[in-house]
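The values are calculated or read from the model by the stated rules, or taken from the named source; none is laboratory data. Fair warning: this is a prediction, and the values are worked out from it, not measured in the lab. Cβ: placed from backbone, ideal geometry, glycine included. Neighbour counts: every protein chain shown. Note: accessible area is taken over every heavy atom of the protein model, side chains too, but ligands, DNA and RNA are not part of it. Shrake-Rupley method; radii C 1.70, N 1.55, O 1.52, S 1.80 Å.
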Amino acid sequence: MRRCLLTLLLSLSASLGMAQTLSLTFDDGLHPGKFPEAPLWNQQMLASLKAAEVSAMVFPSLVRTGGEAGLELIREWGRQGHAVGNHTASHHSLASAQVSLADFIADVQQAEASLRSMPRWTSMLRFPYLKEGDTLEKRDGMRRWMQSAGYRAAPVSIDASDWYYNQIYSVWMELGQAGKAEQVKAAYIAHLLDRGAYYDGLARQVLGRSPAHVLLLHTSRINAAALADVIAAFRAQGWTVVSPEMAFADPLYAMQPDTLPAGESVIWAMAKVRQLPGLRYPAEDAVYEAPALEAQGLLPPAYKKP
Ligand SMILES: [Zn+2]
């Protein structure tokens, strides 16, 4: 009964344009050979998800996880109920002229061979750099291959630059400047909320409604430190966090926008098809974030600007 009431309230507030829904997805995985703290960061992200009762999805790339120790960290996501998808073996961009369709498919298959025995494995593909091909042949060839191989694409609706905030955060931590790192963390959370509001607004223009969003994050040091606060900040602004499986059921994620180069946020790509004014390319990048961090005195000394 209470559940029915909650559902009614949620759908009522959604129809009034108040409710926003998002799910969390994490790309890449951590490489214990490169980062000795990888098991700790992995455990911190999983603990934050568990405490917040959030089910997420992880998309590992073999070159980013390294060998068996890195795969074991991914396996732990599956054991704790988070779905495990595919982010290729080599993390090559399908938009690169050096990467053929055949190379890219082989790369997806190589990753699957290492990942398909994971608990909660699901045959969904997150394209590296969100790049879905620079030519019609590659874009449509990949779409056809995925259909024949039983794969679904795993696009995002909310793109952001968490990887860049992670770089800056990590530099301050290495310099022993925890205070500065803490300020970067606060700027990072504000950045995610800002991107959430932006892409939700864009969705309302393109779809006429607020969809169940999919947010792009990475398994990283800053998310180990900030994830609990990130989830709390979205909830404080009225967002409901759902599982990626629920979000991907939104028909938005089955759409195949006709753009070249293909990719970016699926909402961005749909806006591009409609030729909405004011769209920037790339949609998200460090070049937009560095000036904002510099203005706040948060770019580390001698840190090369993008
Ligand atoms: Zn990636």
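The HN-Hα couplings worked out from phi for the range 140-146 by the Karplus form 6.51 cos²θ - 1.76 cosθ + 1.60 (θ = phi - 60°) are 6, x, 5, 4, 5, 4, 4 Hz, whole numbers, x standing for Gly and Pro. A Förster distance of 41 Å, applied to the separation of the beta-carbon atoms of Leu260 and Leu175, puts the FRET efficiency at 0.45. Would you tally the net charge around Pro119, using a Cβ to Cβ cut-off of less than 10 Å, leaving Pro119 out, and scoring K and R as +1, D and E as -1? Charge balance in the 10 Å sphere: +2.
Among Val156, Val99, Val58, which one shows the highest mean-square fluctuation when the chain is modelled as a Gaussian network with alpha-carbon springs under 10 Å? Of Val156, Val99, Val58, the most mobile in the Gaussian network model is Val99. Net length available on complete extension from Ala106 to Trp163 is 17.9 nm, with 0.36 nm assigned per residue and the Cα-Cα distance removed.
Accessible surface area normalised per residue over the chain is 45 Å², counting heavy atoms of protein chains with a 1.4 Å rolling probe. If only the Cβ of Lys and Arg carry +1 and only the Cβ of Asp and Glu carry -1, the dipole of the chain around its Cα centre is close to 560 debye. Loop-located chymotrypsin sites (Phe, Trp or Tyr not before Pro) across the range 12-114 with a Cβ neighbour count of 15 or fewer within 10 Å are lacking, with loop assigned by DSSP.
Each part reduced to its alpha carbon centroid, the range 159-197 and the range 68-131 end up 26 Å apart. Here the Gaussian network model covers the chain, with springs between Cα atoms less than 10 Å apart; of Glu182, Glu294, Glu37, Glu294 fluctuates the most. Close amide H pairs (under 5 Å, H built 1.01 Å from N) link Leu216 with Ile158, Ala160, residues at least 5 positions away or on another chain.
Would the chain count as rounded, prolate or oblate if I go by the C-alpha gyration tensor, calling it rounded below 1.5 in a/c and otherwise prolate when a/b exceeds b/c, oblate otherwise?
Numbers: a/c = 1.18, a/b = 1.03, b/c = 1.15.
Rounded, since a/c falls under 1.5.
For Gly263, the residues whose modelled amide H falls within less than 5 Å of its own, excluding neighbours fewer than 5 places apart on the same chain, are Glu132. Shown in residue order for the range 265-279 are the 3J(HN,Hα) couplings computed by the Karplus curve 6.51 cos²θ - 1.76 cosθ + 1.60 at θ = phi - 60°: 4, 5, 6, 4, 5, 5, 5, 5, 4, 7, 6, 5, x, x, 7 Hz (x for Gly and Pro).
Here the chain exposes an accessible surface that is 56 percent carbon and sulfur, computed with a 1.4 Å probe and the other protein chains kept in place.
Between Ala197 and Ser90, 0.36 nm times their residue separation minus their Cα-Cα distance comes to what? It would help to have the intermediate numbers written out before the result.
Values: separation 107, 0.36 × 107 = 38.52 nm, distance 3.26 nm.
Taking 0.36 nm per residue and subtracting the Cα distance, the gain is 35.3 nm.
For the chain, what does the helix formula give at 222 nm: sum of -39500 (n - 2.57) over DSSP H segments with n ≥ 4, over the residue count, nearest 500 deg cm²/dmol? Estimated from H runs of four or more residues: -16000 deg cm²/dmol.
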